[in-house]
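The values are calculated or read from the model by the stated rules, or taken from the named source; none is laboratory data. As the structure is a prediction and not an experimental result, all values here were calculated from the model. Note that each Cβ is placed from the backbone with ideal geometry, even for glycine, and that neighbours are counted across all protein chains shown.
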Amino acid sequence: MGDGIRTSALVRERAGAGVPFRAFWPFLVIAFAIAWGVLALYIFLPEWMGAVFGELSGRHPLFFLAVYAPAIAAVVVVLWHSGPAGLRGFMSRVLLWRCSWVWYAFLVVGIPLVFVGGAAMRGTLFTDPFAFDSVGGMFAGLGLAVIKGPMEEFGWRGVALPLLQRKFAPIWAGVVLGMIWGVWHLPAFLLSGTQQSEWAFAPFFLGCIALSVIVTPLFNASGGSILLTALFHFTVMNPVLPAAEPYDTYILVVAAGVIVWLNREAMFRRGVAVTEVVGSAFGSPRRTKGTKGKFEKEYGVASRRLIYAGSG
(Lines give C-alpha, C1' and ligand atoms only; values in the text may rest on other atoms or scores of the structure.)
Protein backbone atom coordinates (compact mmCIF):
# COMPACT_ATOMS: atom_id res chain seq x y z
CA MET A 1 0.00 0.00 0.00
CA GLY A 2 2.77 2.42 1.01
CA ASP A 3 4.72 1.71 -2.17
CA GLY A 4 1.60 2.32 -4.23
CA ILE A 5 1.00 5.69 -2.56
CA ARG A 6 4.61 6.73 -3.13
CA THR A 7 4.44 5.62 -6.77
CA SER A 8 1.24 7.56 -7.37
CA ALA A 9 2.76 10.65 -5.77
CA LEU A 10 5.83 10.30 -7.97
CA VAL A 11 3.69 10.03 -11.10
CA ARG A 12 1.73 13.14 -10.08
CA GLU A 13 4.95 15.01 -9.38
CA ARG A 14 6.38 14.14 -12.79
CA ALA A 15 3.15 14.94 -14.56
CA GLY A 16 3.39 18.52 -13.37
CA ALA A 17 7.08 19.05 -13.82
CA GLY A 18 9.28 20.23 -16.63
CA VAL A 19 12.50 18.62 -17.77
CA PRO A 20 15.46 19.69 -15.58
CA PHE A 21 18.91 20.39 -16.93
CA ARG A 22 20.27 17.23 -15.33
CA ALA A 23 18.22 15.26 -17.90
CA PHE A 24 20.76 16.41 -20.50
CA TRP A 25 23.24 13.75 -19.39
CA PRO A 26 21.00 10.66 -19.58
CA PHE A 27 19.72 12.02 -22.89
CA LEU A 28 23.26 11.97 -24.26
CA VAL A 29 23.99 8.53 -22.80
CA ILE A 30 20.92 7.00 -24.44
CA ALA A 31 21.43 8.77 -27.78
CA PHE A 32 25.07 7.69 -28.00
CA ALA A 33 24.58 4.19 -26.55
CA ILE A 34 21.96 3.21 -29.12
CA ALA A 35 23.62 4.71 -32.20
CA TRP A 36 27.20 3.86 -31.32
CA GLY A 37 26.17 0.43 -30.04
CA VAL A 38 24.51 -0.57 -33.31
CA LEU A 39 27.32 0.74 -35.50
CA ALA A 40 30.06 -0.63 -33.23
CA LEU A 41 28.64 -4.14 -33.63
CA TYR A 42 28.88 -3.80 -37.41
CA ILE A 43 32.39 -2.33 -37.17
CA PHE A 44 33.86 -4.95 -34.83
CA LEU A 45 31.68 -7.97 -35.66
CA PRO A 46 30.83 -7.44 -39.33
CA GLU A 47 30.60 -11.09 -40.36
CA TRP A 48 28.45 -12.14 -37.41
CA MET A 49 26.13 -9.14 -37.70
CA GLY A 50 25.85 -9.65 -41.45
CA ALA A 51 24.98 -13.31 -41.02
CA VAL A 52 22.41 -12.70 -38.28
CA PHE A 53 20.84 -9.37 -39.27
CA GLY A 54 21.96 -8.84 -42.86
CA GLU A 55 24.24 -6.22 -44.34
CA LEU A 56 23.71 -2.74 -42.96
CA SER A 57 22.28 -0.23 -45.42
CA GLY A 58 20.41 3.04 -45.32
CA ARG A 59 17.12 1.11 -45.34
CA HIS A 60 18.04 -1.49 -42.71
CA PRO A 61 15.87 -1.42 -39.53
CA LEU A 62 18.99 -1.25 -37.34
CA PHE A 63 20.18 1.78 -39.29
CA PHE A 64 16.85 3.45 -38.58
CA LEU A 65 17.25 2.51 -34.91
CA ALA A 66 20.62 4.27 -34.84
CA VAL A 67 19.26 7.34 -36.62
CA TYR A 68 16.27 7.53 -34.28
CA ALA A 69 18.46 7.29 -31.16
CA PRO A 70 18.22 11.02 -30.26
CA ALA A 71 14.43 10.92 -30.67
CA ILE A 72 14.19 7.79 -28.53
CA ALA A 73 16.36 9.44 -25.88
CA ALA A 74 14.13 12.52 -25.97
CA VAL A 75 10.95 10.50 -25.42
CA VAL A 76 12.55 8.58 -22.54
CA VAL A 77 13.73 11.64 -20.62
CA VAL A 78 10.51 13.59 -21.21
CA LEU A 79 8.37 10.67 -20.03
CA TRP A 80 10.60 10.10 -17.02
CA HIS A 81 10.52 13.69 -15.82
CA SER A 82 7.13 14.90 -17.08
CA GLY A 83 4.98 11.85 -17.70
CA PRO A 84 2.44 11.41 -20.53
CA ALA A 85 1.17 14.98 -20.13
CA GLY A 86 4.68 16.29 -20.59
CA LEU A 87 5.16 14.12 -23.65
CA ARG A 88 2.00 15.61 -25.16
CA GLY A 89 3.36 19.09 -24.50
CA PHE A 90 6.68 18.10 -26.03
CA MET A 91 5.03 16.67 -29.15
CA SER A 92 2.85 19.77 -29.49
CA ARG A 93 5.99 21.64 -30.53
CA VAL A 94 5.76 19.80 -33.85
CA LEU A 95 2.76 22.04 -34.58
CA LEU A 96 4.69 25.30 -34.14
CA TRP A 97 5.14 26.81 -37.57
CA ARG A 98 4.89 30.59 -37.23
CA CYS A 99 8.12 32.33 -38.09
CA SER A 100 9.38 35.24 -40.16
CA TRP A 101 9.06 34.74 -43.91
CA VAL A 102 12.79 35.43 -44.14
CA TRP A 103 13.51 32.10 -42.46
CA TYR A 104 11.20 30.28 -44.85
CA ALA A 105 12.96 31.95 -47.77
CA PHE A 106 16.29 30.82 -46.33
CA LEU A 107 15.04 27.23 -46.06
CA VAL A 108 13.43 27.08 -49.49
CA VAL A 109 15.94 29.15 -51.48
CA GLY A 110 19.03 29.84 -49.38
CA ILE A 111 19.99 26.27 -48.45
CA PRO A 112 19.63 24.93 -52.02
CA LEU A 113 21.81 27.80 -53.23
CA VAL A 114 24.50 26.69 -50.78
CA PHE A 115 24.72 23.32 -52.49
CA VAL A 116 24.43 24.73 -56.00
CA GLY A 117 27.24 27.16 -55.17
CA GLY A 118 29.34 24.40 -53.59
CA ALA A 119 28.89 22.16 -56.63
CA ALA A 120 29.88 25.05 -58.89
CA MET A 121 33.02 25.65 -56.81
CA ARG A 122 34.06 22.01 -57.15
CA GLY A 123 33.32 22.10 -60.88
CA THR A 124 30.70 19.35 -60.89
CA LEU A 125 27.46 21.34 -61.11
CA PHE A 126 26.91 20.46 -64.78
CA THR A 127 28.97 17.28 -65.01
CA ASP A 128 27.65 15.06 -62.20
CA PRO A 129 24.65 12.96 -63.26
CA PHE A 130 21.32 13.50 -61.52
CA ALA A 131 21.02 11.34 -58.42
CA PHE A 132 17.90 9.49 -59.62
CA ASP A 133 17.02 7.61 -62.79
CA SER A 134 13.25 8.00 -62.49
CA VAL A 135 10.59 10.19 -60.93
CA GLY A 136 9.47 7.28 -58.77
CA GLY A 137 12.99 6.77 -57.50
CA MET A 138 13.30 10.47 -56.73
CA PHE A 139 10.13 10.50 -54.63
CA ALA A 140 11.23 7.34 -52.84
CA GLY A 141 14.55 9.00 -52.02
CA LEU A 142 12.80 12.13 -50.80
CA GLY A 143 10.50 10.02 -48.64
CA LEU A 144 13.43 8.25 -47.02
CA ALA A 145 15.13 11.60 -46.43
CA VAL A 146 12.03 12.85 -44.62
CA ILE A 147 11.81 9.93 -42.19
CA LYS A 148 15.52 9.61 -41.42
CA GLY A 149 17.74 12.57 -40.51
CA PRO A 150 14.97 15.06 -39.60
CA MET A 151 13.79 12.69 -36.86
CA GLU A 152 17.02 13.46 -34.99
CA GLU A 153 15.61 16.92 -34.29
CA PHE A 154 13.22 15.57 -31.66
CA GLY A 155 16.37 15.04 -29.63
CA TRP A 156 18.95 17.63 -30.68
CA ARG A 157 16.73 20.69 -30.89
CA GLY A 158 13.74 19.18 -29.09
CA VAL A 159 15.59 18.48 -25.83
CA ALA A 160 19.30 19.26 -25.95
CA LEU A 161 19.24 22.84 -27.27
CA PRO A 162 16.64 24.28 -24.85
CA LEU A 163 18.47 22.65 -21.94
CA LEU A 164 21.83 24.03 -23.06
CA GLN A 165 20.32 27.51 -23.46
CA ARG A 166 19.60 27.51 -19.74
CA LYS A 167 23.35 27.51 -19.13
CA PHE A 168 24.78 29.26 -22.19
CA ALA A 169 23.98 32.11 -24.54
CA PRO A 170 22.45 30.79 -27.79
CA ILE A 171 25.68 31.11 -29.77
CA TRP A 172 27.61 28.91 -27.33
CA ALA A 173 24.72 26.48 -26.90
CA GLY A 174 24.70 26.08 -30.68
CA VAL A 175 28.47 25.53 -30.83
CA VAL A 176 28.45 22.95 -28.02
CA LEU A 177 25.53 21.07 -29.52
CA GLY A 178 27.13 21.17 -32.97
CA MET A 179 30.27 19.53 -31.59
CA ILE A 180 28.20 16.84 -29.87
CA TRP A 181 26.18 16.35 -33.04
CA GLY A 182 29.32 15.91 -35.12
CA VAL A 183 30.94 13.41 -32.74
CA TRP A 184 27.69 11.42 -32.58
CA HIS A 185 28.06 10.74 -36.33
CA LEU A 186 31.67 9.52 -36.02
CA PRO A 187 31.05 5.72 -36.19
CA ALA A 188 29.32 6.15 -39.56
CA PHE A 189 32.65 7.38 -40.95
CA LEU A 190 34.33 4.17 -39.79
CA LEU A 191 31.79 1.80 -41.33
CA SER A 192 32.26 0.89 -44.97
CA GLY A 193 29.21 1.21 -47.15
CA THR A 194 27.77 4.27 -45.45
CA GLN A 195 27.51 7.62 -47.19
CA GLN A 196 29.74 9.18 -44.53
CA SER A 197 32.53 6.66 -45.18
CA GLU A 198 33.21 8.51 -48.43
CA TRP A 199 33.60 11.88 -46.71
CA ALA A 200 36.37 13.50 -44.66
CA PHE A 201 35.36 13.89 -41.03
CA ALA A 202 36.96 17.30 -40.34
CA PRO A 203 34.85 19.30 -42.84
CA PHE A 204 31.75 17.38 -41.75
CA PHE A 205 32.45 18.19 -38.09
CA LEU A 206 32.93 21.87 -38.92
CA GLY A 207 29.73 21.75 -40.95
CA CYS A 208 27.79 20.32 -38.00
CA ILE A 209 28.90 23.24 -35.85
CA ALA A 210 27.96 25.75 -38.57
CA LEU A 211 24.55 24.14 -39.10
CA SER A 212 23.89 24.03 -35.37
CA VAL A 213 24.71 27.72 -35.05
CA ILE A 214 22.51 28.58 -38.05
CA VAL A 215 19.49 26.63 -36.81
CA THR A 216 19.66 28.05 -33.26
CA PRO A 217 18.15 31.49 -34.07
CA LEU A 218 15.56 29.77 -36.28
CA PHE A 219 14.65 27.54 -33.35
CA ASN A 220 14.30 30.53 -31.03
CA ALA A 221 12.47 32.66 -33.59
CA SER A 222 9.87 29.92 -34.04
CA GLY A 223 9.27 29.56 -30.30
CA GLY A 224 11.01 26.18 -30.13
CA SER A 225 9.53 24.54 -33.22
CA ILE A 226 10.58 20.96 -33.85
CA LEU A 227 8.82 21.11 -37.21
CA LEU A 228 10.96 23.92 -38.62
CA THR A 229 14.23 22.48 -37.34
CA ALA A 230 13.28 19.14 -38.92
CA LEU A 231 12.53 20.99 -42.16
CA PHE A 232 15.96 22.64 -41.90
CA HIS A 233 17.55 19.21 -41.41
CA PHE A 234 15.71 17.88 -44.45
CA THR A 235 16.83 20.73 -46.68
CA VAL A 236 20.51 20.12 -45.93
CA MET A 237 20.07 16.37 -46.54
CA ASN A 238 17.84 16.73 -49.61
CA PRO A 239 19.05 14.01 -52.01
CA VAL A 240 17.91 16.02 -55.03
CA LEU A 241 20.50 18.73 -54.37
CA PRO A 242 23.92 18.33 -56.02
CA ALA A 243 26.91 16.95 -54.15
CA ALA A 244 28.96 19.89 -52.95
CA GLU A 245 31.33 18.65 -50.24
CA PRO A 246 33.55 20.10 -48.91
CA TYR A 247 32.67 23.50 -50.39
CA ASP A 248 29.17 23.44 -48.96
CA THR A 249 30.79 23.43 -45.51
CA TYR A 250 32.83 26.54 -46.28
CA ILE A 251 29.75 28.37 -47.54
CA LEU A 252 27.78 27.29 -44.46
CA VAL A 253 30.51 28.63 -42.17
CA VAL A 254 30.25 32.01 -43.90
CA ALA A 255 26.45 31.85 -43.70
CA ALA A 256 26.65 31.04 -40.00
CA GLY A 257 28.83 34.10 -39.43
CA VAL A 258 26.38 36.34 -41.28
CA ILE A 259 23.37 34.95 -39.41
CA VAL A 260 25.11 35.34 -36.05
CA TRP A 261 25.96 38.95 -36.93
CA LEU A 262 22.39 39.72 -37.94
CA ASN A 263 21.13 38.22 -34.67
CA ARG A 264 24.10 39.32 -32.55
CA GLU A 265 22.13 41.02 -29.78
CA ALA A 266 20.14 37.87 -29.07
CA MET A 267 22.79 35.26 -29.87
CA PHE A 268 25.29 36.47 -27.30
CA ARG A 269 22.85 37.05 -24.45
CA ARG A 270 21.21 34.62 -22.08
CA GLY A 271 17.57 35.08 -21.15
CA VAL A 272 16.27 35.66 -24.68
CA ALA A 273 15.98 32.06 -25.83
CA VAL A 274 13.69 29.05 -25.67
CA THR A 275 14.63 26.97 -22.64
CA GLU A 276 11.61 24.76 -21.98
CA VAL A 277 11.23 21.25 -23.36
CA VAL A 278 7.62 20.27 -22.73
CA GLY A 279 5.88 23.24 -24.31
CA SER A 280 2.75 24.73 -22.81
CA ALA A 281 1.03 21.51 -21.77
CA PHE A 282 1.06 22.62 -18.13
CA GLY A 283 -0.53 26.02 -18.62
CA SER A 284 0.83 29.37 -19.71
CA PRO A 285 4.42 29.42 -20.92
CA ARG A 286 6.92 30.60 -18.35
CA ARG A 287 9.49 33.28 -19.10
CA THR A 288 12.75 34.23 -17.51
CA LYS A 289 12.45 37.37 -15.45
CA GLY A 290 12.53 40.56 -17.47
CA THR A 291 12.26 38.90 -20.86
CA LYS A 292 8.80 40.11 -21.81
CA GLY A 293 9.09 42.15 -24.98
CA LYS A 294 12.72 41.25 -25.62
CA PHE A 295 11.96 38.28 -27.79
CA GLU A 296 9.70 40.29 -30.06
CA LYS A 297 12.52 42.79 -30.55
CA GLU A 298 15.28 40.25 -31.10
CA TYR A 299 13.47 37.59 -33.11
CA GLY A 300 10.21 39.17 -34.24
CA VAL A 301 7.97 36.59 -32.57
CA ALA A 302 4.98 37.24 -30.31
CA SER A 303 6.04 36.71 -26.71
CA ARG A 304 2.93 34.72 -25.87
CA ARG A 305 4.31 31.91 -28.01
CA LEU A 306 7.53 31.54 -26.08
CA ILE A 307 8.38 28.34 -24.29
CA TYR A 308 10.40 29.67 -21.40
CA ALA A 309 11.66 28.23 -18.15
CA GLY A 310 14.19 29.93 -15.97
CA SER A 311 14.80 26.98 -13.66
CA GLY A 312 16.65 23.75 -14.11
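See the values below:
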{"quantity": "Qualifying residue in segment 150-173 (condition: closer than 16 Å to Ile226 by Cα and touching an Asp or Glu at 6+ places or on another chain (Cβ under 7 Å))", "calculated": "yes"}
{"quantity": "Complete set of residues in segment 30-61 that are in a helix (DSSP H, G or I), exposed (fewer than 12 other Cβ atoms within 10 Å of the Cβ) and either in contact (Cβ under 8 Å) with a residue 60 or more places away in the chain or not acidic (Asp, Glu) (or both)", "calculated": "Phe44, Trp48, Ala51, Val52, Pro61"}
{"quantity": "Options Ser222, Ser192: the member that is buried (at least 23 other Cβ atoms within 10 Å of the Cβ) and more than 13 Å from the chain's Cα centre (by Cα)", "calculated": "Ser222"}
{"quantity": "Boolean, Ile307 is modelled with pLDDT under 90, closer than 21 Å to Ser212 by Cβ, surrounded by 17 or more Cβ atoms within 10 Å (Cβ to Cβ) and of a type outside the set (Lys, Arg)", "calculated": "yes"}
{"quantity": "Only listed residue being of a type outside the set (A, V, I, L, M), farther than 25 Å from Val278 by Cα and in a helix (DSSP H, G or I), chosen from Phe106, Phe90", "calculated": "Phe106"}
{"quantity": "Conditions (1) closer than 13 Å to Leu231 by Cα; (2) assigned to a helix (DSSP H, G or I); (3) in contact with a helix residue (DSSP H, G or I) (Cβ under 9 Å, 6 or more places away or on another chain); number of the one not met by Trp97", "calculated": "(2)"}
{"quantity": "Matching option when the condition is assigned to a helix (DSSP H, G or I) and surrounded by 15 or more Cβ atoms within 10 Å (Cβ to Cβ), among Gly118, Gly137", "calculated": "Gly118"}
{"quantity": "When residues of segment 140-189 are limited to those that are of a type in the set (D, E, K, R) and crowded, with 17+ Cβ neighbours inside 10 Å, the one modelled with the lowest pLDDT", "calculated": "Lys148"}
{"quantity": "Residue within segment 200-209 that is in contact with a Ser or Thr (Cβ under 8 Å, 6 or more places away or on another chain) and closer than 19 Å to Pro70 by Cβ present", "calculated": "yes"}
